[in-house]
There are 2 protein chains.
Amino acid sequence: MTRNALNREIPEPYSSSCGVYEGQFAHINDYHRAAPGVHPRKPGDSKLLDSIHEAIVRTGLKDGMTISFHHHFREGDRVMNLVMEEIDRMGIKNLSIAPSSIANVHEPLIDYIKRGVVTSITSSGLRDKLGAAISHGIMDEPVIIRSHGGRARAIVSGEIHIDVAFIGAPSCDEYGNINGTEGKATCGSLGYAKIDAKYADQVVAITDSLVPYPNTPISIPQTDVDYVVQVDSIGDPAGIAKGATRLTKNPKELLIAEYAAKVITASKYFRPGFSFQTGTGGASLAVSRYLRQAMKERDVHASFALGGITNSMVEMMEEGLVDKILDVQDFDHPSALSLARNPQHYEIDAEMYASALSKGAAINQLDIAILSALEVDTDFNVNVLTGSDGVIRGASGGHCDTAAACKMSMIVAPLVRGRIPTVVDRVNTVVTPGDSVDVVVTEYGVAINPARPDLQDMAKRLDVPCLTIQELRDKAYSITGRPDPIRYGDKVVAVVEYRDGSFIDAVRQVGESATC
Amino acid sequence: MTRNALNREIPEPYSSSCGVYEGQFAHINDYHRAAPGVHPRKPGDSKLLDSIHEAIVRTGLKDGMTISFHHHFREGDRVMNLVMEEIDRMGIKNLSIAPSSIANVHEPLIDYIKRGVVTSITSSGLRDKLGAAISHGIMDEPVIIRSHGGRARAIVSGEIHIDVAFIGAPSCDEYGNINGTEGKATCGSLGYAKIDAKYADQVVAITDSLVPYPNTPISIPQTDVDYVVQVDSIGDPAGIAKGATRLTKNPKELLIAEYAAKVITASKYFRPGFSFQTGTGGASLAVSRYLRQAMKERDVHASFALGGITNSMVEMMEEGLVDKILDVQDFDHPSALSLARNPQHYEIDAEMYASALSKGAAINQLDIAILSALEVDTDFNVNVLTGSDGVIRGASGGHCDTAAACKMSMIVAPLVRGRIPTVVDRVNTVVTPGDSVDVVVTEYGVAINPARPDLQDMAKRLDVPCLTIQELRDKAYSITGRPDPIRYGDKVVAVVEYRDGSFIDAVRQVGESATC
């Protein structure tokens, strides 16, 4: 065990192999990109295979290898389950899986873990029953939680070596040119999958929309694809769009959003050509609505919006309020369609979006990021991974990436959720260090990080209650009471990697076998 | 010296280090991509530098390193001369240069070679005075001639390791997002430069059109660019478009084009959804004109046109005769503008265009390629590099790539040029092996390679004189006489790499010091 700069205990061998967190930009060093293998194709060679089974045979996938998937289909994904089912049928064991994220729909993984088919996982996060099962200790090896930028960094640097990437391809030709904007399961940007395709030794495109050569636009080119398999369905459109774009009517969320928009417009960053990123939650989406009003009233246009894209950003672009969209992932169907239609709506890969070790990520050019939180503590550390019961139920996403890189990061969250406080003494799990968090916005008011004296005088102009983070915590505790400590076991069930590859926290087992 | 499969002598150390040509697909083996270095950029870091001088200093460019340039500005390029001038001023010596090609405008290289600034060159070709100077032996080390696909392969595999790529950027933002379709020196596709940017350790974008962030569309992303330098002018638009698109009125060229179009339409490949590539010469462009008529008359549409793109292909796409264009390079201004305007006109990189060791190049999907020749011999070997005097004056281009990969390769060339025969006993220099060449079209008729029995019965349907290649040679010699052997010296001034990395021929010194 080693204690890192945030006083979090990181177990061996993780603390020794990749180092522990020492500060936002402490581990930004020169390196060499990974050197994936290439099996060249001659004229006349076909990439088209009859089945996922044949693809697994042809790639030579075997025990102990690492495979990857993308999460652009979110709750509508059918690819991971299809592939895992066949792998299981073929008796392959001891696999590492490195999906860009995992959804509720991937619950069958629990059984594959229990039976030794999957023995190692890295992901942005874990949801629902899988998160609970892992938090209860069903894996021997801890899951490695990586941010979206951190995963891209790990793949580009070779820390994650993908033997075979299985890529759900909304449209694909026989030679492997893929895009996500056409076909039956359109998901829009394939920003996460692009990196897998570039750096995996072998890439299998799985599609339900095989189109004539050459398929354009080309998100993933034929030069990054080894095999193409056609199946009946790769994704459920309803699941792809599930739950993302809801326009909240919740008065608490609307108040948080209104406060957040007031912070933005009072900040020095709200000027012609500014840039922003918002999330998908109710409050976050509602921020766009208030911001849009302010942008119109004050005639301030944004140069770009970034990130996971929602229809509210697309509408702002189509209204002329936002010049361009840089899109690593689409959260709803209208955004996916916009990517196909609007030349100013541009697909980027996960490295360009957020990697800390790239030649410069787009988030480095970002003014304002609106981010969510399960917990924030009085050091401004943020937890977006574990619930108040210590169970893994969230995802790292681009949280620590954007927070570190943008000029003003804002956490929007209700001060309490039912009987659970959001602002606390110490978050269960640190995903984003407090040094990266500038403003916390709740329905009771905002707290500006004292580490940002340049933002403090904004408080004078703000028509929003300004409190210290301790006052917000006190307010939360006055409603919910001070939370009881979680009873953790000793076993480490997940380690949380910071975007630079160092370890920022570890998650311990909960539940019956937990001792204290 | 080793004799290769074409009985050409390949000198040491080339024959030992990379092998000699043994057949079109003899050296297609698995390998690993190169692993370029990355110097990460933190938020707030600027890439913008004041001058080319500062860029050279910041990259740490020093004696013995390898630098690269792209040739998308062709005779209008100002970037290579600007950079070399500064390098020379700074006293850096012994450089290897690896431009994608070299134009007449780069004549100052002669002086840099003589003074030891440049001691090693790889290029697609050499023109004019530089070609003559090198053929006369001014370099100690032979120039390595690589095809466009071969260069991409060599860069991707690490055979060419680029320390610093200097990339002329028609439009660029401060963080290095580049495209070729906007700005003062629009050249369209940046297909060759894309590979340099991906695999060079350091990349300097040199632009005369600095635009607000984010510059889109993005041909070369910020994640592949280290520094950005603004200069007054990177290219002369007149030079960029120079000489490419001329609609010939030469009756000989028109006859060749008519014959070629008849071969195409009589072939089994002329069917709905076929694909083709043409060159830029007078006859080649005229082929498009006749082909267009036939396509209209017989209602046969092409699925795609590939390669170096000319306006005649763009017009066919805009008329609906060609569905899509895959574009690695634009030969004229209208093509560059079309790339910006038409979503079905798609930019691809040189690896995807033509690399023999990629996961599958676009040429592997190509039906018909129209190619030029300086000489063709009775084994169907083609020379596009050296003149009848043995002097280097041409370029390998994509010749051997497309010829090997497409289903029917056609050489269009006048049987004689003045007193010089095109069809000969033995070409001075083999760039494309006869196994890759299917049909030779001259103004006297066509010769079909006997190695393609499946094409022979096409002759019966052809309203064009069909001859053997020996008959074409005899006809040529009857006009010009049998050419005298060239007086070569012993010194090897260039080695010609085949697309797979093996060596297919060597070019020896000519001129005063040549012995025989």
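Coordinate-derived values only; no laboratory data. Note that the structure is predicted; figures quoted are calculated from it, not measured. Note: ideal-geometry Cβ built from the backbone for every residue, glycine included; neighbour counts use all protein chains shown.
Observations on the structure shown:
- Test: residue in segment B:270-283 that is away from chain A (no Cβ under 14 Å) and either within 23 Å of A:Val156 (Cα to Cα) or of a type in the set (D, E, K, R) (or both): no
- Candidates A:Ala261, A:Ala197, A:Ala257, filtered to the one that is crowded, with 22+ Cβ neighbours inside 10 Å, of a type in the set (Gly, Ala, Ser) and in contact with a strand residue (DSSP E or B) (Cβ under 6 Å, 6 or more places away or on another chain): A:Ala197
- Annotation: of all residues in segment B:383-419 being of a type in the set (Ser, Thr, Tyr) and within 14 Å of another protein chain (Cβ to nearest Cβ), the one that is nearest to B:Ala154 (Cα to Cα) is B:Thr402.
- Once segment B:198-242 is narrowed to residues that are in a helix (DSSP H, G or I) and among the aliphatic types (A, V, I, L, M), the residue that is farthest from the other protein chains (Cβ to nearest Cβ) is B:Ala238.
- Within segment A:53-83, the set of residues being farther than 23 Å from A:Lys198 by Cβ and surrounded by 20 or more Cβ atoms within 10 Å (Cβ to Cβ) comprises A:Gly76, A:Arg78.
- Scanning segment B:395-412 for residues that are touching a Leu at 6+ places or on another chain (Cβ under 8 Å) and touching a residue at least 40 places away in the same chain (Cβ under 8 Å) gives B:Ala395, B:Ser396, B:His399, B:Thr402, B:Ala405, B:Cys406, B:Lys407, B:Met408, B:Ser409, B:Met410, B:Ile411, B:Val412.
Results for (1) among the small types (Gly, Ala, Ser); (2) in contact with a strand residue (DSSP E or B) (Cβ under 6 Å, 6 or more places away or on another chain), shown as yes or no for each residue.
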site: A:Leu130; (1), (2): no, no
site: A:Ser135; (1), (2): yes, yes
site: A:Asp140; (1), (2): no, no
site: A:His148; (1), (2): no, no
site: A:Arg153; (1), (2): no, no
site: A:Val156; (1), (2): no, no
site: A:Phe166; (1), (2): no, yes
site: A:Ala185; (1), (2): yes, yes
site: A:Ser189; (1), (2): yes, yes
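- Tally, over segment B:21-39, of residues that are hydroxyl-bearing (Ser, Thr, Tyr) and outside any strand (DSSP E or B): 1
- Matching residues in segment B:294-314 - criterion: being surrounded by fewer than 22 Cβ atoms within 10 Å (Cβ to Cβ) and either at positive phi or without any contact (Cβ under 8 Å) to a residue 12 or more places away in the chain (or both): B:Glu297, B:Asp299
- Selection within segment B:422-449 - more than 29 Å from B:Val495 (Cα to Cα) and assigned to a loop (DSSP other than H, G, I, E, B): B:Glu443, B:Tyr444
- Counted residues, segment B:148-173 - those being touching a helix residue (DSSP H, G or I) at 6+ places or on another chain (Cβ under 6 Å) and part of a strand (DSSP E or B): 5
- Test: residue in segment B:171-187 that is under 21 Å from the mean Cα position of the chain (by Cα), within 25 Å of B:Asp330 (Cα to Cα) and basic (Lys, Arg): no
- Taking every residue in segment A:74-101 that is on the phi > 0 side of the Ramachandran plot and pairing it with any residue that is part of a loop (DSSP other than H, G, I, E, B) and of a type in the set (Asp, Glu), at least 6 positions away or on another chain, the pairs with Cβ-Cβ distances below 7 Å are A:Asn94/A:Asp63.
- Subset of segment B:189-229 (residues that are more than 23 Å from the chain's Cα centre (by Cα) and aromatic (Phe, Trp, Tyr)): B:Tyr213, B:Tyr227
- Residue list for segment B:367-382, restricted to those being outside any strand (DSSP E or B), of a type outside the set (Ser, Thr, Tyr) and within 17 Å of the chain's Cα centre (by Cα): B:Ala373, B:Leu374
- Scanning segment A:42-60 for residues that are assigned to a loop (DSSP other than H, G, I, E, B) and either without any contact (Cβ under 8 Å) to a residue 24 or more places away in the chain or under 21 Å from B:Ser358 (Cα atoms) (or both) yields A:Lys42, A:Pro43, A:Gly44, A:Asp45, A:Ser46, A:Lys47, A:Gly60.
- Qualifying positions in segment A:251-281 - assigned to a loop (DSSP other than H, G, I, E, B) and in contact with a helix residue (DSSP H, G or I) (Cβ under 6 Å, 6 or more places away or on another chain): A:Ser267, A:Phe270, A:Thr278
- Any hit, segment B:21-41, residues being among the hydroxyl-bearing types (Ser, Thr, Tyr), away from chain A (no Cβ under 14 Å) and touching a residue at least 60 places away in the same chain (Cβ under 8 Å): yes
- Residue, farthest from the other protein chains (Cβ to nearest Cβ), within segment A:1-20, restricted to residues that are surrounded by fewer than 17 Cβ atoms within 10 Å (Cβ to Cβ) and outside any loop (DSSP other than H, G, I, E, B): A:Glu9
- Search result, residues across segment A:274-293 that are more than 20 Å from A:Asp438 (Cβ to Cβ) and surrounded by fewer than 24 Cβ atoms within 10 Å (Cβ to Cβ): A:Thr280, A:Gly282, A:Arg289, A:Arg292, A:Gln293
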